[in-house]
Amino acid sequence: MTADRSTVAVLGAGNMGTALGQVIASNGHEVRLWSIEADVLEEIQHQHRNTKYLEGIHLHPNVTASWDMAEAVKGAGLVIVSVPSQVVGPLARDLASSLSRDQAVLNVAKGLEGDTHRRMSEALSAAAPGSKQRIGSMGGPAIAIEMARGLPMAIIIGIPDTKACSSAQAIIQNDHLKVETTTDVVGLELCATLKNVYAIALGICDGLGYGTNTKAFLATVALREMAAIASALGGRDETVFGLAGLGDLLTTGFSSHSRNRTLGEKLGAAGDWQLFLRTNTVEGVAACRAISELIEGRGLAAHLLDTLREVLFDERPAPEAVRHFLAAFSFG
């Protein structure tokens, strides 16, 4: 079946999947929103709301619920995958049999696959190798509720097939949401992963009661480490210092909506961060371990990343670790 550019499938009806569906539907496209949460789909279909994930947003009539993934994907010109990173691999295997070679796939998850450390587009491509050139990812500063409300913002997408990338750009972009494109899919996905890790460090600053000066200093250090890591793993500097890296780090590290920043705040204040971790998806924790393992043996100096790894996995108290990092830091 030939893909219909006017129809978009969104797999995952969480906050970002629903927000993207709202934007795309408002742009005049038909959106099929799929989820494993039947109660969420019922509310979307019959009340045009998703109060579990986007409180206060009335969904566009062009957004419809779909209980069957294959039906949601069938004939769609663009398939958006908006599920947690640990679910992308299993979902990809289910999706592959329904995907045709002329359909583009845009991943929204920001992280690495836990057991293989594959980037999200790699995990999707492994299940559907025939679609590899048409599979990419989204990055940049994107708070879902702000997107759904139509506030001015910009994101970045990368799909190897430039025609598919331009088509996805045209589907998503409007007067309020600007969409930059890139061929650096590696750098984009690494930035999307790394910013979650370093946002935890910025949250620790909040928990310790440090001011804006300290937080800006730590953000600068984080950005330098992000650039070094991304470059070592095949990304480009321009990606790190653009929307995918700097832009997303600022949003995730400073926004009250960010779960990674909030986790860091609880760590810095010696709060019950483990409870928060059990009840919220915080991509930066697993990403910290994965990135540390990926760069092991490469001779990279990533001391802030090392400090976070000690806090998250070696039970080193966050206040002690960050205070020591700041005291020992030198530009020499």
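The numbers here are math on the coordinates, done by the rules we state, and not lab data. Note that the coordinates shown come from a computational prediction; the quantities given were computed from them, not determined experimentally. Here the Cβ is made from the backbone with ideal geometry for all residues, glycine too, and neighbour counts use every protein chain on show.
Of the chain, which part is the longest with no GluC sites (Glu not before Pro) in a loop (DSSP not H, G, I, E, B) and with at most 14 other C-beta atoms within 10 angstrom?
The answer is 56-295.
Step through the residues of region 320-329 one at a time and calculate ³J(HN,Hα) from phi using the Karplus curve (6.51 cos²θ - 1.76 cosθ + 1.60, θ = phi - 60°), rounding each to whole Hz and writing x for Gly and Pro.
For region 320-329, the Karplus-derived couplings read 5, 5, 6, 4, 5, 4, 5, 5, 7, 5 Hz, x marking Gly and Pro.
Would you mind checking which residues have amide H under 5 Å from residue 156's amide H? H placed 1.01 Å from N; only 5 or more apart, or other chain.
Long-range HN contacts for residue 156: 139, 140, 180.
Run the numbers on region 78-163 and let me know its relative contact order in percent, using alpha-carbon pairs under 8 Å that are six or more apart.
28
Modelled label-to-label distance, residue 71 and residue 279, 7 Å Cα→beta-carbon offset: nm?
3.5
Ratio to report: Rg/Rh of region 134-174, with Cα atoms as the point set and Rh obtained by the Kirkwood method; give two decimals.
Using Cα coordinates only, the ratio equals 1.00.
Could you check the spin-label model distance between residue 175 and residue 154? Points 7 Å from the Cα along Cα→Cβ, value in nm.
Result for the modelled spin labels: 1.9 nm.
Go ahead and collect, in residue order, the members of region 111-126 whose backbone nitrogen is under 14 Å from a label point 7 Å along the Cα-Cβ direction of residue 296.
The answer is 115-117.
Could you compute the net charge surrounding residue 180? Neighbours are other residues with a C-beta less than 14 Å from the C-beta of residue 180; K and R count +1, D and E count -1.
-1
Per DSSP helix of 4 or more residues, -39500 (n - 2.57); summed, then divided by the residues of the chain. What does that give at 222 nm, rounded to the nearest 500?
Counting only the DSSP helices, I get -15500 deg cm²/dmol.
Can you run phi through the Karplus equation (6.51, -1.76, 1.60; θ = phi - 60°) for region 253-259 and list ³J(HN,Hα) in whole Hz, with x for Gly and Pro?
x, 10, 7, 6, 7, 7, 5
Answer with a single label: of (i) 20.0; (ii) 20.7; (iii) 19.2, which was calculated as Kirkwood radius over Cα pairs in Å from the structure in view?
Matching the structure shown: (i).
List the extent of the Cα atoms of region 49-114 along each of their three principal axes, largest first, rounded to whole Å.
35, 30, 18
For the chain, what's the relative contact order in percent, using C-alpha pairs closer than 8 Å and at least 6 residues apart?
14
Given a Förster distance of 35 Å, report the FRET efficiency between residue 58 and residue 163 from their Cβ-Cβ distance, rounded to the nearest 0.05.
My answer for the efficiency is 0.50.
Long-range amide H contacts for residue 65: which residues qualify at under 5 Å (H placed 1.01 Å from N, peptide plane, sequence gap of 5 or more or a different chain)?
33, 45
With a/c under 1.5 counting as rounded, go ahead and sort region 1-123 into rounded, prolate or oblate using the C-alpha gyration tensor (a ≥ b ≥ c being the square roots of the eigenvalues; past the cut-off, prolate if a/b is larger than b/c, else oblate).
Oblate, since a/c reaches 1.5 and b/c is not below a/b.
Over 18 Å, how big is the tail of the calculated P(r) for region 186-328, in percent of all Cα pairs?
Everything past 18 Å amounts to 49 percent.
Rounded to the nearest 5, what % of the DSSP beta bridges within the chain are antiparallel ones?
Counting only bridges with both partners in the chain, antiparallel ones make up about 15 percent.
What is the sum of charges, Lys and Arg at +1 and Asp and Glu at -1, for the other residues whose Cβ falls under 11 Å from the Cβ of residue 138?
Its environment carries a net charge of -2.
Quick check: pseudo-label points 7 Å beyond the Cα along Cα→Cβ at residue 216 and residue 116, how many nm apart are they?
Each label point is offset 7 Å from its Cα along the Cβ direction, giving 4.3 nm.
Please order 32, 278, 149 by the number of other Cβ within 10 Å, starting at the fewest.
278, 149, 32
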